[in-house]
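Trainee: I have a structure here, written as structure tokens, and I will follow up with some questions on it.
The values are calculated or read from the model by the stated rules, or taken from the named source; none is laboratory data. None of the values given here were measured: they were computed from a predicted structure. Cβ: placed from backbone, ideal geometry, glycine included. Neighbour counts: every protein chain shown. Heavy atoms of the whole protein, side chains included, go into the accessibility calculation; ligands, DNA and RNA do not. Shrake-Rupley method; radii C 1.70, N 1.55, O 1.52, S 1.80 Å.
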Amino acid sequence: MQSYFIGVDIGSLTVKVVLLNNHLEIIGQMKTRAGYSGRDVANRLKEQLLTESGLKEQDVRSTVATGYGRVTFPADREVSEITCQAKGIHHLFPTARTVIDIGGQDSKVIKLLSNGKVADFAMNDKCAAGTGRFLEVMASALEVEWQEIGEIVSSSKNPTKISSFCTVFAESEVISQVSAGTPKSDILAGVCDSVANRVASMTRKIGLEPDIVFTGGVAHNQGVVNALAKQLGYPLLVSQEPVITAALGAALLAREMNKV
């Protein structure tokens, strides 16, 4: 008999929902901006996912919620994002020992044991530096979409140096560079290097060990991927859809709850 499980990740900026069956197949996945109420958005995505999959609420055996808004969602269990990221990444990349997760409002580095359990982690959630929000602010100052950063950076010849980790001061530096006529590609390359420096420092503090997986929304930004790989001296593994890995981990944990 087929069984289904749902993982919900209510992040600060994005809500992700993954539908999994008992054969570990992802039946469907959805993501969108969190908006004012992450809970309402998560419920809407879940209902839409079930409808498109031809399923009903009673077909789902269990649901696990994670992320900032996990306590607001009516799930069978709430699990920390650290644990869910570890679970999802180990499922996709069994050889992973270091996970770098850069989301909208925070960045995390997770050290994994060979069985996928969390050995240690470090987290930056007090400052926007080294996060997706930092990139959004800088992109806005340069009047480009943050999704375009990776492509623009690829043409950089002489990356600038952004000396401040503070988002406000870094934005002032960027504006000064614009006034000086510095090409956008070089400024954005400097912005990517700034994010990479911050995260690489945090990674080294808990002990760098390959294989290294880069996840979270910022993993879509090739400029940051390249800058971080250069800083760490190792290639980075990136899943096809790095935004949903914590939601996938939540769905896997929901499945484990039922010992399928």
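Trainee: Determine the alpha carbon to alpha carbon distance for each of Lys87/Lys161; Lys184/Lys230; Lys31/Lys157 and list only those over 32 Å.
Mentor: Lys87/Lys161; Lys31/Lys157
Trainee: Show me, for the range 231-238, the HN-Hα J-couplings you get by feeding each phi into the Karplus relation (A = 6.51, B = -1.76, C = 1.60, θ = phi - 60°), rounded to Hz, glycine and proline as x.
Mentor: Ordered by residue, 3J(HN,Hα) equals 5, 7, x, 9, x, 10, 8, 10 Hz.
Trainee: What are the ³J(HN,Hα) values, in whole Hz, obtained from phi via the Karplus relation 6.51 cos²θ - 1.76 cosθ + 1.60 with θ = phi - 60°, for each residue of the range 83-99 in sequence order, with x given for Gly and Pro?
Mentor: In residue order, the calculated couplings are 5, 5, 4, 4, 5, x, 5, 4, 5, 7, 9, x, 8, 5, 10, 10, 10 Hz.
Trainee: Tell me the per residue accessible area of the chain using a 1.4 Å probe; a whole number in Å² is fine.
Mentor: 46
Trainee: Counting Lys +1, Arg +1, Asp -1, Glu -1, what net charge surrounds Leu253 among other residues with beta carbon under 9 Å of its beta carbon? List each step's numbers first, then the result.
Mentor: Numbers: positive: Arg77, Lys87, Arg255; negative: Glu256.
Its environment carries a net charge of +2.
Trainee: Show me, for the range 217-225, the HN-Hα J-couplings you get by feeding each phi into the Karplus relation (A = 6.51, B = -1.76, C = 1.60, θ = phi - 60°), rounded to Hz, glycine and proline as x.
Mentor: For the range 217-225, the Karplus-derived couplings read x, 5, 5, 6, 8, 5, x, 6, 4 Hz, x marking Gly and Pro.
Trainee: Please give the length that would be gained between Ala180 and Glu145 if that part of the chain were fully extended, namely 0.36 nm times their separation in residues minus their C-alpha to C-alpha distance (nm, one decimal).
Mentor: On the way: separation 35, 0.36 × 35 = 12.60 nm, distance 2.15 nm.
Result: 10.5 nm gained on full extension.
Trainee: Show the residues, 5+ positions off or on another chain, whose built amide H is closer than 5 Å to the amide H of Ala128.
Mentor: Close amide H contacts, sequence-distant or interchain: Thr167.
Trainee: Output the 0 to 90 degree angle, nearest 10, between the alpha-carbon long axis of helix 167-179 and the longest principal axis computed from the alpha carbons of the chain.
Mentor: Once rounded, the angle reads 50 degrees.
Trainee: Can you give me the Cα centroid spacing of the range 76-101 and the range 230-260 in angstrom?
Mentor: 5
Trainee: Then there is this: With a ≥ b ≥ c taken as the square roots of the eigenvalues of the C-alpha gyration tensor of the range 94-238, please select rounded if a/c is under 1.5 and otherwise prolate if a/b is larger than b/c or oblate if it is not? Intermediate values should be presented prior to the final figure.
Mentor: On the way: a/c = 2.32, a/b = 1.89, b/c = 1.23.
The shape class here is prolate.
Trainee: Then there's this: Amide H to amide H, which residues 5 or more places from Leu237 or on other chains are under 5 Å from it, using H placed in the peptide plane?
Mentor: Sorted by chain and number, the residues that satisfy this are Ile212, Val213, Phe214.
Trainee: Pairs of Cα atoms under 8 Å, at least six residues apart: use those to get the relative contact order of the chain, whole percent. Intermediate results must be reported in sequence, preceding the final value.
Mentor: Details: 551 pairs, mean separation 64.0, N = 260.
Relative contact order here is 25 percent.
Trainee: Still on this model: With both partners inside the chain, how many of the DSSP beta bridges are antiparallel, as a percent to the nearest 5?
Mentor: About 65 percent, rounded to the nearest 5.
Trainee: Now, a different point. Want the number for Glu256 to Arg61: 0.36 nm per residue separation, take away the alpha-carbon distance, what's left?
Mentor: 69.1 nm
Trainee: With r defined as the distance between the Cβ atoms of Lys205 and Ser164 and R0 fixed at 22 Å, what FRET efficiency is calculated, to the nearest 0.05?
Mentor: Calculated value: 0.60.
Trainee: So, in Å, what gap is there between the alpha-carbon centers of the range 103-130 and the range 151-207?
Mentor: 21
Trainee: Could you please state how large a percent of the accessible area of the chain is carbon and sulfur, counting protein chains only and using a 1.4 Å probe?
Mentor: C and S atoms contribute 48 percent here.
Trainee: Of the listed peptides 237-244, 133-140, 103-110, what is their order by residue-averaged count of other C-beta atoms within 10 Å, with the highest listed first?
Mentor: The packing order, highest mean first, is 103-110, 133-140, 237-244.
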